[in-house]
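Input: a single structure, listed below in structure tokens.
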Amino acid sequence: MGLIPDEIISQVLDRCDIVETISEYLSLKKAGRNFKACCPFHHEKTPSFVVNRDKQIFHCFGCGAGGNVISFVMQHDRIDFPTALRQLAQRAGIIIPETHSEAGSKTKSIRETVFKSNELAADFFHNILLTGDKGADQAKEYLKKRGVRLETAQKLKIGFAPDGWENLISFLRSKEISLLEMEKSGLVVSKERGEGFYDRFRNRVIFPIFDIRCRCVGFGARAMEENATAKYINSPETPVYVKGEHLYGFYLSKNAVAKEDYVVVVEGYMDFLTPFQEGFENIVASLGTALTTEQIRLIRRYTENIVMLFDGDDAGELAMLRSLDLLIEEGINVKVVSLEGKKDPDSFVREFGIEKFREQVLCADTLFDYKMNVLSRRYDKQTVEGKARISAEMLSTIQKFKNEVIKQEYVKKLAQRLGVSQNALLIELGKIKGSSSGEIEVVKKKAQKESIRGAERNLLRLLLEQEHMIPSVLAEVEIDDFQDDQVRPIIEQIFDLSKTQKDFNVAKLVHFFDDQETTHFISGLMASSDFESADKEVLKKDYINRIKNDRVKTQRKDLCFQIQQAEADGDHQRLEELKRVFNQLMKRS
Ligand SMILES: [Zn+2]
């Protein structure tokens, strides 16, 4: 966030009232000192989403989401920090000075030109389709034949590129886009012989591809006759379009995906379009066979549950299945559907209807079962060799799970299905490189986190509520007094901020943490704050005492351990020194 001056962030936080801003998204009801609503981040019937105007923060007791006004806009609109800040600043009339480096601004302007050219081209193609000019009536006829309704074509901005070499070129020229810029956008192709360029897309139905922020990044162009040499021609890679980085239709389906908490991934434009048109909205198209890491990460911002839906053909089935291991590595829940009768989603929905489609999605196989079925068809489970092949394939998938319990469960299942011993499978699993390590470490760390140090959390909560207490607490404690992994960094930040900033407040504090875990932790503490009737000075003293005592106890435990070790080692000198420190510590408590 270095590029935007802190001063601007403060201004935004000061001027954009959280209650007013969130009211533009949700209807808030006053409840005591707070405002309440049903949480936009999880499904609920009774409101557990709380907005606190005093502290300018929000928190959901249901799902733990929370933060300040900027975090709300980020989480709600699924945009990054600078974008959310700009959006809020614009609303509040705050001007953000641009401080990009020279090189940065140059690539930015190329990207912007490409976006602009794409946008213009998309409009051009779309308008031609709507008016039916320049031979677009055949495209209209084609779409109608494939069951695409006009309102769907409008929603997806489907268009038509007329036949001819310079239709788009002359249109873009009239909009003052240079040939060089058109070439950068991949919209034109340079002539092989002689000079000049011609339109890349001709006499084809155009599917513009939009990114998640609804900017046009590229195009897919489909031939209308079934025996065309190339069914699809796509945009080449450009400064804004890298293959495998986008998901077709996601800008339209992302909210439905978040709401349903799963997404169906299909392959092609029409496989997306047909179910979507019939009201199945939590769907995207990968525009390729396997999902890339970038696409997975994009999806993950909305859900961790993916249902993969492939055309039923056998080609490359196993290769595709291996690519699904990537999803497991990313911690995604994967299920797989292959549609009855080996149909693609488009023809399936048109033939059997959307309800039947929904049914098939709902009874998707787990990746384990699906892969097991594919392998059982391929290899003979009864032979030794078949068992070895199947177990090797299955173990390579099982190995990818990060959770040991899940791994063991699958090994058990596999042993049953193949009629071999679990032990043998576990030995084989152990042979696979990169298999399980550091599991104990993780468990230990978690246990430590969960041992809640009540006094530390309570003191932090008190400080967040009673900001005027910060200097007096600061005088009495030191950072090392805090042992709670979650509390300590926050206290550290409060101390830093209170030294450098005069107008410290919680909303600003939240901004300094870019991990959601901490942000939600802070908002959670704040929202559950209830010191109203208690004497806060007494509480403060009590918490500080307990924290100090806790620290001494820990130090003592450490020392005891070290003393034991020195005794065991027969290190007398060290033993004397340790005992001296220990006695000092005893005097202090
Ligand atoms: Zn919630």
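The values are calculated or read from the model by the stated rules, or taken from the named source; none is laboratory data. Just so it is clear, the model here is predicted, and its values are computed rather than measured. Don't worry about glycine lacking a Cβ; one is built from the backbone with ideal geometry, like all the others, and counts go over all protein chains shown. To get the accessible areas, we keep the full protein, side chains included, count just its heavy atoms, and leave off ligands, DNA and RNA. Shrake-Rupley method; radii C 1.70, N 1.55, O 1.52, S 1.80 Å.
Laid out as a table, the results:
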| item | result |
| --- | --- |
| Any pair with Cβ under 8 angstrom, 6 or more apart, that starts in the stretch 110-139 at a residue that is closer than 15 Å to R215 by Cβ and ends at one that is among the polar types (S, T, N, Q) | T113/S185; V114/S185; V114/T238; S117/S185; N118/S185; A121/S185 |
| Breaking point among (1) within 16 Å of the ligand (Cβ to nearest atom); (2) at pLDDT 90 or above; (3) not in a loop (DSSP other than H, G, I, E, B), for L88 | (1) |
| Residue match in the stretch 118-125 (condition: polar (S, T, N, Q), in a helix (DSSP H, G or I), at pLDDT 95 or above and at negative phi) | yes |
| Criterion: within 19 Å of A285 (Cα to Cα) and surrounded by fewer than 16 Cβ atoms within 10 Å (Cβ to Cβ) - qualifying residue of N333, N423 | N333 |
| Members of the stretch 17-40 found to be touching a residue at least 40 places away in the same chain (Cβ under 8 Å), farther than 20 Å from E467 by Cβ and not in a helix (DSSP H, G or I), listed by number | Y25 |
| Tally of residues being over 18 Å from E44 (Cβ atoms) and open to solvent by 10 Å² or more (accessible area, probe 1.4 Å) across the stretch 62-80 | 6 |
| Which numbered condition D6 misses (of (1) more than 16 Å from the ligand (Cβ to nearest atom); (2) more than 17 Å from G67 (Cβ to Cβ); (3) touching a residue at least 12 places away in the same chain (Cβ under 8 Å); (4) open to solvent by less than 100 Å² (accessible area, probe 1.4 Å)) | (3) |
| Helices (runs of 4 or more DSSP H) wholly inside the stretch 222-312 containing at least 3 residues that are under 15 Å from the mean Cα position of the chain (by Cα) | 250-260, 293-300 |
| Of residues in the stretch 207-248 being basic (K, R) and in contact with a helix residue (DSSP H, G or I) (Cβ under 9 Å, 6 or more places away or on another chain), the one surrounded by the most Cβ atoms within 10 Å (Cβ to Cβ) | R222 |
| Condition met for D550 (open to solvent by less than 30 Å² (accessible area, probe 1.4 Å), at pLDDT 80 or above and of a type outside the set (A, V, I, L, M, F, W, C)) | no |
| Lone qualifier among K557, K540, K579 - being under 30 Å from P471 (Cα atoms) and either assigned to a helix (DSSP H, G or I) or free of Cβ contacts under 8 Å to residues at least 40 places away in the same chain (or both) | K540 |
| Scope the stretch 39-61; condition surrounded by fewer than 23 Cβ atoms within 10 Å (Cβ to Cβ) and within 11 Å of the ligand (Cβ to nearest atom); matching residues | C39, P40, F41, H42, H43, E44, P47, S48, F61 |
| Positions within the stretch 91-109 being at pLDDT below 80 and not charged (D, E, K, R), in sequence order | I96, P97, T99, H100, S101, A103, G104, S105, T107, S109 |
| Residues satisfying the stated conditions in the stretch 350-369, i.e. touching a residue at least 60 places away in the same chain (Cβ under 8 Å) and within 16 Å of F310 (Cα to Cα) | F357, R358, V361 |
| Residues of the stretch 139-165 that turn out to be surrounded by 15 or more Cβ atoms within 10 Å (Cβ to Cβ) and assigned to a helix (DSSP H, G or I), as a count | 6 |
| Tally, over the stretch 168-202, of residues that are open to solvent by 30 Å² or more (accessible area, probe 1.4 Å) and in contact (Cβ under 8 Å) with a residue 40 or more places away in the chain | 5 |
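Listed here are the residues, each with its yes/no results for (1) modelled with pLDDT under 75; (2) within 29 Å of R53 (Cβ to Cβ); (3) crowded, with 20+ Cβ neighbours inside 10 Å.
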position	(1), (2), (3)
K445	yes, no, no
P471	no, yes, no
D514	yes, yes, no
T518	no, yes, no
I522	no, yes, yes
